[in-house]
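The values are calculated or read from the model by the stated rules, or taken from the named source; none is laboratory data. These numbers were taken from a predicted model, which means no experiment stands behind them. Every residue, glycine among them, receives a Cβ derived from its backbone with ideal geometry; neighbour counts consider all protein chains shown.
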């Protein structure tokens, strides 16, 4: 976990980033420092497992703006906010927005240590979920259109005979398609197949296979589109 997670510090106060970067190094994590929110947004890569520690009120972009822009980009990353001006309403607002922690400056070393460890655990869990979801998406995209039709009807609880009649094929054809799907999806039982009908293309549950649309645009490709001043300014204006 520590050898693959980067702790990113975003704070225009160089004294803060210097002291916290030393603490992060002692914790055994890689560290990147940015003294500008804009600089961070222009260079951040969603695909790198990371935790962000950001001053809530940086000189150019607020921490909440950073959080919103990353969310709009589809980046799921734990954020710890720092501020000199802590208050219960402000802390509640940041946590409702999805922050993992809200720490007041000067930062207590043990509180910072605990917050980073918790955020890294969250990042690791999210990254594992993302990798699992990507594996599921790739398996789903390996199915033919005919197999997807059968899978959808299996999810509706239809028996082979009803599926065959609805599709105008033989029961044997339905059985062949079902067998092929089980191999492609690594499904051991019919229950496993039904579970796939309850997932969307991101691997999340409680969605439906009928909406399957291949997604050929990777996170890294989307991030590349963001690394220009025009797009970033548009994000800030929203």
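One table, with the values for the structure above:
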item: Residue among 46, 31 that is part of a loop (DSSP other than H, G, I, E, B), within 21 Å of residue 76 (Cβ to Cβ) and in the same structural domain as residue 94 (by TED's automatic domain parsing); result: 46
item: Matching option when the condition is under 16 Å from residue 126 (Cα atoms) and surrounded by 16 or more Cβ atoms within 10 Å (Cβ to Cβ), among 9, 70; result: 70
item: Test result for residue 4, at pLDDT below 95 and surrounded by fewer than 16 Cβ atoms within 10 Å (Cβ to Cβ); result: yes
item: Residue match in the range 102-112 (condition: assigned to a helix (DSSP H, G or I), modelled with pLDDT of 90 or more and in contact with a helix residue (DSSP H, G or I) (Cβ under 7 Å, 6 or more places away or on another chain)); result: yes
item: Those residues of the range 157-190 which are surrounded by 14 or more Cβ atoms within 10 Å (Cβ to Cβ) and closer than 26 Å to residue 132 by Cβ, in sequence order; result: 177, 178, 180, 181, 182, 184, 185, 187
item: Pick from the range 83-101, criterion in contact with a strand residue (DSSP E or B) (Cβ under 8 Å, 6 or more places away or on another chain) and assigned to a helix (DSSP H, G or I), ranking: farthest from residue 21 (Cα to Cα); result: 90
item: Verdict on residue 119 being crowded, with 21+ Cβ neighbours inside 10 Å and assigned to a helix (DSSP H, G or I); result: yes
item: Sole residue being within 15 Å of the chain's Cα centre (by Cα), assigned to a strand (DSSP E or B) and in the same structural domain as residue 124 (by TED's automatic domain parsing), chosen from 80, 52; result: 52
